[in-house]
Amino acid sequence: MSDYEEGKTRWWGWGNVDQRFDVENRSRLIPFMQESLGMELGRERFSDPVLDEINIPEPRIASEILDTIAGIVGPENVSTTKFQRVSHSMGKSYRDSLRYRERKIERAIDAVVWPRGEDEVVKVLRIAEDNNLAVIPFGGGSSVTGGVEPVSAGKTATLSLDMARMDRVLSVDPTSQTAVIQAGALGPEVEDQLNVQGFTLGHFPESFDHSALGGWIATRASGRQSTGYGDIEDMVLALKMVTPRGMVETRKVPNTAAGPSVLQLCIGSEGILGVITEATMSIRPVPDVIDYRGLIFRNFAAGVSAIREMMQQGMAPTCIRLSDRAETALANAFRHTTGPKWKRQGEDFALKLLARRGYSFEDGAFMILGLEGDRDEVEYLRSGILKLCRNLGGFHLGTSPGRQWYESRHDTAYFREQLINWGVMVDTLETATTWGNLLHLYGEVRSALRSALEEQAGRAMVTCHVSHAYREGASLYYTFFAPMLPEGKEEVQWEEAKHAASEAIMKYGGTISHHHGVGYEHASWMPNEVGSISLAAIKAVKETMDPDDIMNPGKLLPITREG
Ligand SMILES: Cc1cc2nc3c(=O)[nH]c(=O)nc-3n(C[C@H](O)[C@H](O)[C@H](O)COP(=O)(O)OP(=O)(O)OC[C@H]3O[C@@H](n4cnc5c(N)ncnc54)[C@H](O)[C@@H]3O)c2cc1C
């Protein structure tokens, strides 16, 4: 069951309350950031909020309705406590973290409901429809696009339907290598239950610990190992979704030619059509070998060519990430500086020698190559890929950088928490395009972001990596940092930067999102993304399944977000 508990989960930001980013063991990091951003770090601009400092109005929901819902799900599975309402009112984007720290909740959830099964979801939706309540399905609440925030114009009240009680792997079919999993299972719950039977789903987003199967499917998420295991949409064979007008249940078949895919229509529906209750997922044997390595290329373009060649020559790794020059320099600053002095001196010396040969962490492109599978397969791919990279100018750094990345792969989100408290704007955005357009799009989005940020704050750092590779192209993932503008201007600063990047993405042939989804943050770009007739078709499906617009109103489709 979900660990969304008072005192345990950082409701105003990312992760567990008792987990913090380890700055102390990375002595290069803070000086590097200070130099890049032209600001001093360490002084608290924001303190972590406490619940008493947050004002939200009384719940707008009538007690008789709450009693009826409690009669269905059990009184312990309905809550209007401040902790539950506040923690379910926003997701985990930079803007959300900022507003929580400013003690500012514009629109609050009125009640949180935890259904225990599909029948209860059906009944709760019926009550919601009868009483004009908005319903927002809630997985882990890790949305970075405003997906779980109420935007319920014209609704009496908003329920957050937290799927945490539906967290079981219901069955595993080892012959077909499939598993039926309930939508509320968080990443660790999915893996723990599959691993004991010798299987893995292979979906490991950075938000793994605090995101759930239903949320992954509803947002078309991608794990960091998606190049090998596939994106979530490649793993779903079938699903069940409760809509206000009835059940959608797709057939458990590996493929079908029975018309346009209703399955794919539900995947990515972000809660606007109904509540995904369970899915039949493709699973794989737990890998015998997990092998992560680092490589460095003289420049980003050379590394991009290497990834394209791997994919097009049929040598897809499980995980691949290629950092641009700015992210490579940041990765170097992230390196641990603890351990025996001789070891660090040895590393520094080796890096100096490499830099003399043109492979510099100041100027080059750092690559993480991850291979998972059975021993023979991993060995075969490793030797092929390393040879290909060598031929295209890559230098193999061995397993140590790969292991360090793998071990600290969940840490950077905690660094974000620290930076925001110190007054640094830090956010990420992502897109995808074909190989032929990749470097062009990369440059245009980067310069649009840089110009917007520098114009506002004077200084900025924009980093990018290629990940989630395909035969035809890949995703570009940007992280941007800037000193926050003075009080009151922080949100506008972020909006302007985000707008500039999104416009460039659309203009230069990317998609508004490769894996974060739409929510309300990207909704106004949807007409441009899919075109007016396709948008009308999505609206028509919504009107069929949810004619009263109770399901997550104001998301995915471009309508006003004022509630
Ligand atoms: C630090 C951090 C790292 C991240 N890393 C990644 C990453 O590596 N890859 C990636 O793809 N994304 C990533 N994200 C974004 C986010 O984790 C994903 O969008 C994730 O898929 C959301 O899952 P969730 O369970 O938290 O969904 P929620 O945030 O709870 O919900 C997201 C949307 O899905 C809907 N929804 C949730 N459950 C259901 C359901 N059962 N039925 C119907 N609709 C539902 C909600 O209503 C909402 O619209 C990251 C976010 C953060 C904060």
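Taking GluC sites (Glu not before Pro) across the range 429-508, the ones in a DSSP loop with at most 12 further Cβ atoms lying within 10 angstrom of their Cβ are GLU487. The modelled label-to-label distance for the pair THR338/SER447, using points 7 Å beyond Cα in the direction of Cβ, is 4.4 nm. Straight Cα distances below 21 angstrom link LYS352 to the lysines LYS341, LYS343, with same-chain residues fewer than 8 positions distant left out. Taking each of LYS252/LYS555; LYS82/LYS555; LYS155/LYS555; LYS104/LYS489; LYS507/LYS555 in turn, the alpha-carbon distance tops 18 angstrom for LYS252/LYS555; LYS82/LYS555; LYS507/LYS555. How would the range 413-458 be classified by its alpha-carbon gyration tensor: rounded, prolate or oblate, with rounded meaning a/c under 1.5 and the a/b versus b/c comparison settling the rest? The shape class here is oblate.
Extension gain for SER524-GLU76 works out to 157.4 nm (0.36 nm per residue, less the C-alpha to C-alpha distance). Where in the range 348-380 does the label zone of ASP288 land, with the point 7 angstrom along Cα→C-beta and an amide N cut-off under 15 Å? Of the residues in the range 348-380, 372-380 have backbone N under 15 Å from the label point off ASP288.
Maximal additional length on extending the GLN177-ARG20 stretch stands at 52.8 nm, based on 0.36 nm per residue less the C-alpha distance.
Computed on the range 286-410, with alpha-carbon pairs under 8 angstrom and 6+ residues apart, the relative contact order is 51 percent. Length available on full extension from THR156 to GLU454: 0.36 nm per residue minus the Cα-Cα distance, which gives 103.0 nm. Solvent-accessible surface of the chain, taken per residue with a 1.4 Å probe and all protein chains present: 40 Å². A crude spin-label estimate for the pair GLU35 and ARG390, with each label 7 Å from Cα along the Cβ direction, gives 3.3 nm.
Over the chain, the hull volume per residue, using the convex hull of the C-alpha atoms, is 150 Å³. Sorted largest first by accessible area at a 1.4 angstrom probe radius, with every protein chain in place, the residues ASP162, ASP48 fall in the order ASP48, ASP162. Beta bridges from DSSP with both residues in the chain: antiparallel share about 85 percent, rounded to the nearest 5. When ASP411, ASP167, ASP52 are compared by accessible surface with a 1.4 Å probe, the order from highest to lowest is ASP52, ASP411, ASP167. Distance from the Cα centroid of the range 331-369 to that of the range 435-457 is 27 Å (rounded to whole angstrom). Look at the dipole of the chain built from charges on Cβ: of VAL445, VAL541, ILE283, the Cα furthest out on the positive end belongs to VAL445.
In this rough spin-label picture, where each label sits 7 Å from Cα along the Cβ direction, the ARG245-ARG471 distance is 3.8 nm. Write down the percent of antiparallel bridges among all DSSP beta bridges whose residues are both part of the range 55-192, to the nearest 5. Within the range 55-192, antiparallel bridges account for around 40 percent of the total. Computed about its Cα centre, the charge dipole of the chain is approximately 1740 debye, with only Lys, Arg, Asp and Glu carrying charge at their Cβ.
Between the alpha-carbon centres of the range 275-313 and the range 464-509 there is a gap of 23 Å. Express the carbon and sulfur contribution to the solvent-accessible surface of the range 293-371 as a percent, rounded to the nearest whole number, probe 1.4 angstrom. The computed percentage sits at 52.
Overall form of the range 172-279: prolate. Here a/c, set by the Cα gyration tensor axes a ≥ b ≥ c, is 1.5 or more, and a/b is the larger of a/b and b/c.
In debye to the nearest 20, how big a dipole does the range 241-301 give about its Cα centre with +1 on each Lys and Arg Cβ and -1 on each Asp and Glu Cβ?
Approximately 160 debye in magnitude.
Note on the chain: helix-only mean residue ellipticity at 222 nm, from DSSP H runs of 4+ residues weighted -39500 (n - 2.57) and normalised by residue number, equals -11000 deg cm²/dmol. For trypsin sites (Lys or Arg not before Pro), the sites in the range 340-377 that DSSP calls loop and that have at most 11 other Cβ atoms within 10 Å are ARG357.
Straight-line reach from LYS539: taking Cα to Cα under 17 Å and skipping same-chain neighbours fewer than 8 places apart, the aspartates and glutamates in range are GLU270, GLU529, ASP548, ASP549.
Cβ-Cβ distance of ALA257 and GLU496, R₀ of 35 Å, FRET efficiency by 1/(1 + (r/R0)^6): the value works out to about 0.15. With r as the distance between the Cβ atoms of LYS489 and GLN345 and R0 = 51 Å, compute the FRET efficiency 1/(1 + (r/R0)^6) and round to 0.05. Between GLN345 and LYS489 the formula returns 0.70. Here's the picture: charge each Lys and Arg Cβ at +1 and each Asp and Glu Cβ at -1 in the range 1-155, and of LEU125, PRO150, SER79 the one pushed furthest to the positive end of that dipole is PRO150. Rounded to the nearest 20 debye, the dipole magnitude of the range 417-563 is 480 debye, with +1 charges on Lys and Arg beta carbons, -1 on Asp and Glu beta carbons, and the Cα centre as origin. Each of SER226, TRP12, PRO558 was scored by the projection of its Cα onto the charge dipole of the chain, and the greatest displacement toward the positive side belongs to SER226; charges sit on the C-beta of Lys, Arg, Asp and Glu.
The values are calculated or read from the model by the stated rules, or taken from the named source; none is laboratory data. Every value quoted in this text rests on a predicted model; they were computed, and no experiment measured them. With ideal geometry, Cβ positions are generated from the backbone for all residues, glycine too; neighbour counts draw on all protein chains shown. Side chains are part of the model used for accessible areas, which takes the heavy atoms of the whole protein and leaves out ligands, DNA and RNA. Shrake-Rupley method; radii C 1.70, N 1.55, O 1.52, S 1.80 Å.
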